[in-house]
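Undergrad: The structure that follows is given in the form of C-alpha cells.
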Amino acid sequence: MIRFTTAGESHGEALLVILEGIPAGLAVNYKDIDLDLARRQKGYGRGKRMSIETDVIKILSGMRHLRTLGSPIAMSIANRDFQNWVNTMSPTSSESDDKLLLRPRPGHADLSGLIKYNVKDFRDILERASARETAARVAAGAVCKILLKEFDISIMSYTSQIGDVVADISSIKENKLLYDTEMSEVRCPDTVASKKMIELVDKARLQGDTLGGKVVVVVKDVPTGLGSHTQWDLKLDGRLAQSLISIQAVKAVEFGDGTKLAENFGSVSHDEIFYSNAKWFYRKTNRAGGIEGGMSNGEPIVVTCTMKAIPSLANPLHSVNLVTKETAKAEAVRSDICAVPAAGVVAEAAVAIELAKALKEKFGGDSLEDMKKNVNTYKERLKAL
C-alpha cells in the first residue's frame, strides 16, 4: 500500500515526510520535487514567510542513484526561519522567554486544540496546525506524480475563484490551459479575472483582511476501474474527498458539476454513454467528474475545492483572553492574505497520492516493471470488450 506520514512544526527545524509503497525502479529527479515545492510557495497574496523560505528537498532514504528501492522514502525540508525561532521552538531546551498566546483566533485550531491537549498556550497547537505542513505533502505528492506519469496520467490545477471574482475558462483552449495558469500570479488562466483577483487581494491587504476561493484539479488519462463500489471506504471519490478536505482551510469538495446537480432533472444530470471503434466507450459530457459508483470511468477526473479565507487577520476578530476571560482581539499572527493559488498545488499532491495508491492497489507490483506489465495486461483485456 502507498501511504505517507508527515512530521514537523511551522517554525521548527524541519518538516519530514515518509512515503511508503512506491515500487522499486522508479526514476526520481529531486529537481522535480523542488519544482512543485517552488510552485506551492508562489502566488499573489502570499505572506512574508515565503520571502524567507526557499524550500528544497533532501532525500534521506529509499533511493539509490536516483532510483527508488521499494523501501520507505524519507525526505526533509529545512525551515530557514527556524534560526529566528530557536529559543521559542527548541525541542531540547526548557528555557523560553516567548510570551504566551492566550487570545485564540476564530476559525483556527487554537482553542479546540488547547482544550483537547491541555496546554498552557496555543503555540503548541498552531505550530502543527499551520498550513506549513503542506510542504511535506507536496513533496510526497511530487513523487506520486512521477509514478503516475509513467502510466501517462497527468495532473494540473487552476484557480477558478478568489473572493467574488469568478474565472471564465469556457473560451480557453485546452492546450493553453496549463500554460496560461502557470503564467498567472494567481494561477488563474482567465487573464481578465486574474487581474481582478489581484486587485481584490490588494484591497484585502489594505483592510487587514484575507480572502478565500476555489481551485479545480483536473486529472487526465486515468484508467477505468480505479477504486471500488464494494465498500464505502474503497470508493475513489470518498478517498479523494477525505484527502482534499484535510488540507488546511478547505471546507468543501465537489466532483464534476457538484452542487449544481441539485437543481437539475436526472435527464440532464448524467453523462450519456456512447461507443465508437476509435474512442471505445466515451461520454460527451463530464458532469460526474470522471467518477461513477466510486470508480473512475475513463473520463478526466475533475474536482473543485473551496477554501475559506485564512483566519489569521492583521485586523483581528473578537476573541476571549484565556486567563482573564475578558473580550479581546485575537492574536495577530503573521500569515498570507490569500493562499488560494498555493492551495491548488497542494490539492494536486493530495489527488496524486490517492490515485497512486488506487493504481497500485489494482495493479500491484513491487517493481515498476511488474506494475507496467499488469497495466498492459488489463488494457489488452479491455480491448476485447
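The values are calculated or read from the model by the stated rules, or taken from the named source; none is laboratory data. As the structure is a computational prediction, the values presented were derived from the model and not from experiment. Cβ: placed from backbone, ideal geometry, glycine included. Neighbour counts: every protein chain shown.
Undergrad: I'd like to verify a number: residues in segment 236-263 that are among the basic types (K, R) and free of Cβ contacts under 8 Å to residues at least 60 places away in the same chain, how many?
TA: The qualifying residues number 2.
Undergrad: Within segment 10-46, take every residue that is acidic (D, E) and at pLDDT 95 or above and give me the one that is nearest to the chain's Cα centre (by Cα).
TA: Among residues in segment 10-46 that are acidic (D, E) and at pLDDT 95 or above, the one nearest to the chain's Cα centre (by Cα) is D36.
Undergrad: Residues of segment 226-277 being out of contact with any strand residue (DSSP E or B) (no Cβ under 9 Å at 6 or more places or on another chain) and of a type in the set (V, I, T), which ones?
TA: Answer for segment 226-277, where residues must be out of contact with any strand residue (DSSP E or B) (no Cβ under 9 Å at 6 or more places or on another chain) and of a type in the set (V, I, T): T230, V268.
Undergrad: Suppose we filter E331, E299 for residues that are of a type in the set (D, E, K, R) and either under 30 Å from K235 (Cβ atoms) or free of Cβ contacts under 8 Å to residues at least 60 places away in the same chain (or both); which single one remains?
TA: Being of a type in the set (D, E, K, R) and either under 30 Å from K235 (Cβ atoms) or free of Cβ contacts under 8 Å to residues at least 60 places away in the same chain (or both) holds for just one of E331, E299, which is E299.
Undergrad: Can you list the strands (runs of 3 or more DSSP E) found entirely within segment 272-385 that contain at least 1 residues being of a type in the set (F, W, Y)?
TA: By residue number, 273-276, 280-283.
Undergrad: Is segment 314-321 home to any residue that is within 26 Å of I155 (Cα to Cα) and at pLDDT 95 or above?
TA: No, segment 314-321 contains no residue that is within 26 Å of I155 (Cα to Cα) and at pLDDT 95 or above.
Undergrad: Also, quick follow-up: Of the conditions (1) in a strand (DSSP E or B); (2) surrounded by fewer than 20 Cβ atoms within 10 Å (Cβ to Cβ), A262 fails just one. Which one is it?
TA: Every condition holds for A262 apart from (1).
Undergrad: If you don't mind, there's one more thing I want to ask. So is S61 loosely packed, with under 11 Cβ neighbours inside 10 Å, under 22 Å from A14 (Cβ atoms) and among the polar types (S, T, N, Q) or not?
TA: no
Undergrad: Can you run down the residue pairs with Cβ atoms below 8 Å, 6 or more apart or on separate chains, where the first is in segment 1-27 and without any contact (Cβ under 8 Å) to a residue 60 or more places away in the chain and polar (S, T, N, Q) and the partner is crowded, with 20+ Cβ neighbours inside 10 Å and part of a strand (DSSP E or B)?
TA: T5/V17
Undergrad: Which one of the conditions (1) closer than 26 Å to P300 by Cα; (2) touching a His at 6+ places or on another chain (Cβ under 7 Å) does V186 fail to meet, given that it meets all the rest?
TA: If we test V186 against (1) closer than 26 Å to P300 by Cα; (2) touching a His at 6+ places or on another chain (Cβ under 7 Å), just (2) comes out false.
Residues checked against (1) surrounded by 21 or more Cβ atoms within 10 Å (Cβ to Cβ); (2) within 19 Å of the chain's Cα centre (by Cα); (3) closer than 21 Å to A140 by Cβ:
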residue	(1), (2), (3)
C305	yes, yes, yes
E326	no, no, no
E348	yes, yes, yes
E361	no, no, yes
L382	no, no, no
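Undergrad: Let me ask something additional. So how many residues does segment 102-119 have that are within 27 Å of A309 (Cα to Cα) and either among the acidic types (D, E) or surrounded by fewer than 20 Cβ atoms within 10 Å (Cβ to Cβ) (or both)?
TA: Of the residues in that region, 12 qualify.
Undergrad: With respect to K284, is the statement that it is of a type in the set (D, E, K, R) and farther than 30 Å from A193 by Cβ true?
TA: no
Undergrad: Among the residues of segment 143-171, which ones are modelled with pLDDT of 95 or more and of a type in the set (S, T, N, Q)?
TA: Across segment 143-171, the qualifying residues are S154, S157, T159, S160, Q161.
Undergrad: Moving on. Among the residues of segment 113-155, which ones are without any contact (Cβ under 8 Å) to a residue 12 or more places away in the chain and on the phi < 0 side of the Ramachandran plot?
TA: I115, K116, Y117, V119, D124, K149
Undergrad: May I ask you to list pairs of residues, at least six apart or on different chains, whose Cβ atoms are under 7 Å apart, with the first in segment 189-200 being within 16 Å of C338 (Cβ to Cβ) and the second being hydroxyl-bearing (S, T, Y)?
TA: S194/S184; I198/Y44
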